[in-house]
Every structure is written in C-alpha cells, then in structure tokens.
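J.: Can you read through this structure? Questions will come right after.
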Amino acid sequence: MGTDKESRINQTGITNDSGSILIKRCTSEDLEGVISVNEKELPEDYPYFFYKSILDNYNESFLVALNTKGRIVGYIMWRVEKVPAKDSLKILNKGHLVSIAILKKWRKFGIATALLTESMKEIVKHGIDEYVLEVRVSNYPAINLYKKFGFLTKNIKYRYYRDGENAYYMIKKAIEDL
Ligand code: ACO
Ligand code: ZN
C-alpha cells in the first residue's frame, strides 16, 4: 500500500470503448506494467534499476495512466540534470523528459496531454530552468505533441539512437510556467 499522497488518483474524464482512464503516481508495484508498455511501444529499453532509481528520486513526476481494470496503458517519467551553462559559470537545472508512451489502443484520447500537464507541474518544483527532451526526427506524433506544449527544436543530435537515427533536442523554458 502506498501513502495517501502516492496513491492520489486524478480522474481524467478520458474514455473510450474500453472504459475510462485514471492517472496516479507510479509505485514499485506498477513498474512491471510500465516496463511492459515501454517494451511494446518504444525501441529504447532500460534496465529495471534505472526505472527504480527514477521512481526513488523523482516519484512526484513519475505518473501512470490506468484503465478500469487497473492495467497500465501509459506512463511518463522525468529526471533532473545539473549541467554547466556554456556561456557562464551558472549551473543549469534541466528537467529531462526520459520517456513517455501510451498503448496503441489508447492513443489520440488525450492521455499523453494529461500525463505531460500533470508531471510538468511536479518536475518544475525542482527549480528547473528548462524542460528538455530528445525525440526521433521521424516521430511526428511525439514532435507534434511537444510543439503543442511549446517545446522548440534547439538542435539535432546526430546518430543519437542505437540504430543510427538522429534526434531533435527540444527545450522549453520553465520560467514561463512560474
Ligand atoms: N499524428 C500527429 N500528431 C499527433 C498524433 C498523430 N498520430 N498523436 C498525437 N499527436 C499530437 C497532436 O498534436 C495531438 O494534439 P491534437 O489531438 O489536438 O491533434 C497531441 O499530440 C496530443 O495527443 P494525445 O492524445 O494527448 O497523445 P497520445 O495520448 O496519443 O500520445 C504519444 C502521444 C505519447 C506520442 C503516443 O503516440 C505514443 O505513445 N507513441 C509511441 C511512444 C513514443 O513515441 N513516445 C515518445 C518518445 S520521445 C520521449 O519519450 C522523450
Ligand atoms: Zn533523453
């Protein structure tokens, strides 16, 4: 059992023929379901300890979407990275969108929008300067989603993925949200 805070449920109002969707914080018991969605929907897989360390360190912004049967149909996870700024002595705090995925059957219902909206409110509390992410240059649905949230392409990371595909490095200043 999680604490009240951990298990707080957010009613989304998102429904399709298979029922409605709830959003809540991820717990250790949910990791298996998260990993299963990741393995089905994205070629980038991570070892269990990687998910666990994100869960331990950034739990407030690690969210899952559940259907009425309690099955995980989507997730989002972030971490914070401290990086020296290129043009000053400042250390930049970046909220890095590590991964988001929704099962095919549940796409285009606004679940990613709900997960991003809720998790960005949490990761910004770490005092980040900007939200950052990488996305495959061919991934139009995801690129559109990020543009809708105000992300801009800062540069291209060449051969970023193991199969050689390039990534867009997209950022959104966090100050706009404070
Ligand atoms: N074609 C074009 N634009 C799309 C599409 C699509 N098929 N799907 C979503 N979008 C864009 C649109 O701008 C849409 O807004 P609109 O409905 O007003 O047109 C916006 O995204 C929001 O759509 P949602 O319904 O909230 O998105 P969904 O729940 O379907 O999830 C996601 C989008 C996460 C990209 C989903 O397609 C998915 O899981 N894809 C596979 C995994 C993936 O690529 N993840 C991102 C990898 S990059 C990373 O994790 C940092
Ligand atoms: Zn990344």
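J.: So, in the range 51-99, exactly how many residues are surrounded by 15 or more Cβ atoms within 10 Å (Cβ to Cβ), part of a helix (DSSP H, G or I), without any contact (Cβ under 8 Å) to a residue 40 or more places away in the chain and more than 14 Å from ligand 1 (Cβ to nearest atom)?
T.: Adding up the residues that qualify gives 1.
J.: Right, here's the next one. Starting from the range 100-115, take each residue that is farther than 23 Å from Tyr46 by Cβ and list its partners that are in a helix (DSSP H, G or I) and not basic (Lys, Arg), counting only C-beta distances under 9 angstrom and pairs at least six apart or across chains.
T.: Qualifying pairs under 9 Å: Lys108/Pro141; Thr113/Leu145.
J.: Related question: Just one of Asn67, Asn38 is polar (S, T, N, Q) and modelled with pLDDT under 95; which is it?
T.: Numbers: Asn38 fails: modelled with pLDDT under 95.
On inspection, the qualifying residue turns out to be Asn67.
J.: Among residues belonging to the range 138-156 that are of a type in the set (Val, Ile, Thr) and more than 18 Å from Glu41 (Cα to Cα), point out the one that is surrounded by the most Cβ atoms within 10 Å (Cβ to Cβ).
T.: Thr153
J.: Of the residues Glu122, Glu118, only one is under 16 Å from Ile21 (Cα atoms), buried (at least 17 other Cβ atoms within 10 Å of the Cβ) and more than 9 Å from ligand 1 (Cβ to nearest atom); which?
T.: The conditions single out Glu118.
J.: Name the one entry in Lys173, Lys121 that is basic (Lys, Arg) and farther than 17 Å from Val64 by Cβ.
T.: None of the other options fit; the residue is Lys173.
J.: Could you check how many residues of the range 103-131 are β-branched (Val, Ile, Thr) and more than 11 Å from the chain's Cα centre (by Cα)?
T.: Matching residues across the range 103-131 total 3.
J.: Taking the range 109-142 as the search range and keeping residues that are more than 18 Å from Ile72 (Cβ to Cβ) and assigned to a loop (DSSP other than H, G, I, E, B), which one is farthest from ligand 2 (Cβ to nearest atom)?
T.: Gly127
J.: Answer with yes or no whether Leu103 is closer than 21 Å to Ile23 by Cα, within 11 Å of ligand 1 (Cβ to nearest atom) and of a type in the set (A, V, I, L, M, F, W, C).
T.: It is true that Leu103 is closer than 21 Å to Ile23 by Cα, within 11 Å of ligand 1 (Cβ to nearest atom) and of a type in the set (A, V, I, L, M, F, W, C).
Residue-wise test of (1) within 16 Å of ligand 2 (Cβ to nearest atom); (2) closer than 25 Å to Gly33 by Cβ.
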position	(1), (2)
Leu63	no, yes
Gly74	no, yes
His96	yes, yes
Ile100	yes, yes
Leu103	no, yes
Arg107	no, yes
Lys148	no, no
Met170	yes, no
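The values are calculated or read from the model by the stated rules, or taken from the named source; none is laboratory data. Keep in mind it's a predicted model, so treat the numbers as computed, not measured. Glycine also receives a Cβ, built like all others from the backbone with ideal geometry; neighbour counts cover every protein chain displayed.
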